[in-house]
1. If a helix is a whole DSSP H run, which ones in the chain reach 18 Å or further along their own axis (Cα) and hold a mean Kyte-Doolittle hydropathy of at least 0.5?
2. Specify, per residue and in Å³, the volume enclosed by the convex hull of the alpha carbon atoms belonging to the chain.
3. Determine the relative contact order of the chain: mean sequence separation of Cα pairs under 8 Å and six or more apart, normalised by residue count, in whole percent.
4. Sketch the reach of a paramagnetic label on Ala80 as a point 7 Å from Cα along Cα-to-Cβ, and name the residues of segment 6-24 whose backbone nitrogen lies under 19 Å away.
5. Could you work out what % of the accessible surface of the chain is carbon and sulfur, using a 1.4 angstrom probe and leaving DNA, RNA and ligands out of the count?
6. What shape does segment 28-88 have by the C-alpha gyration tensor, where a ≥ b ≥ c are the square roots of the eigenvalues, rounded means a/c under 1.5, and otherwise prolate means a/b greater than b/c and oblate the rest?
7. Based on the mean of other Cβ atoms within 10 Å per residue, sort peptides 90-101, 50-61, 119-130, 6-17 so the most packed one is first.
8. With every protein chain left in place, what is the accessible area per residue of segment 14-74 in square angstrom, probe 1.4 Å?
Amino acid sequence: ADRDFMNRVKQAGLWEKPAGEKGKAKRADQPKIQEACKHLIEGHTLLDNVVNRAGVLLGHTLPTEASEEQKGWLAEMDAANGDEFDAVFANRLRAAHGKVYAYSAQIRAGTKNELVRILSTQAMITVFDHMKVL
């Protein structure tokens with residue numbers, strides 16, 4: 001479960017940070033979406049550092065690319081502009097964060113590994129922040 005969690009955290013950053021970068025660079029029309037983009041970039045930069053360090057310390061190789069499903073979500077964002085981009089962005093990210101928060105809490109409660117507990121705590125903080133801005 002700990003390794004699966006680490007993989008999911010890493011893969012979340014591999015699509016959510018690029019989603020934030022897409023919106024910040026040129027796509028998002030609404031200021032609230034721009035703010036969400038900023039939070040995604042900052043949050044996943046921090047979380048990526050934590051999960052990368054945990055992976056090294058625990059000798060676990062992490063994924064290096066987003067899943068096919070996540071790549072599809074990014075492609076949807078690439079194909080959209082203006083209000084359509086904002087809607088795709090917000091809806092895809094809201095759905096993803098709702099699932100991740102509960103899973104992070106479950107791992108936090110069940111792990112016996114202190115590094116994974118630290119990672120899951122940081123993931124919960126980051127995900128909650130993202131849920132608030134989305």
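1. Working: long enough: 2-22 (30 Å, -1.37); 31-58 (40 Å, 0.14); 82-110 (42 Å, -0.27); 114-133 (29 Å, 0.67).
Correct list, ordered by number: 114-133.
2. Numbers: hull volume 11.6 nm³, N = 134.
Once divided by residue count, the hull of the chain is 86 Å³.
3. 35
4. Correct set: 12-24.
5. On the way: 3790 of 7120 Å².
Ligands and nucleic acids excluded, carbon and sulfur reach 53 percent.
6. Here segment 28-88 falls in the oblate category.
7. 6-17, 119-130, 90-101, 50-61
8. Values: 3350 Å² over 61 residues.
Using a 1.4 Å probe on heavy atoms only, each residue of segment 14-74 averages 55 Å².
The values are calculated or read from the model by the stated rules, or taken from the named source; none is laboratory data. Owing to the predicted nature of the structure, the values given are computational and were not obtained by experimental measurement. For neighbour counting, all protein chains shown are included, and Cβ atoms are generated from backbone atoms with ideal geometry for every residue, glycine included. Side chains included, ligands, DNA and RNA excluded: accessible areas come from the protein's heavy atoms. Shrake-Rupley method; radii C 1.70, N 1.55, O 1.52, S 1.80 Å.
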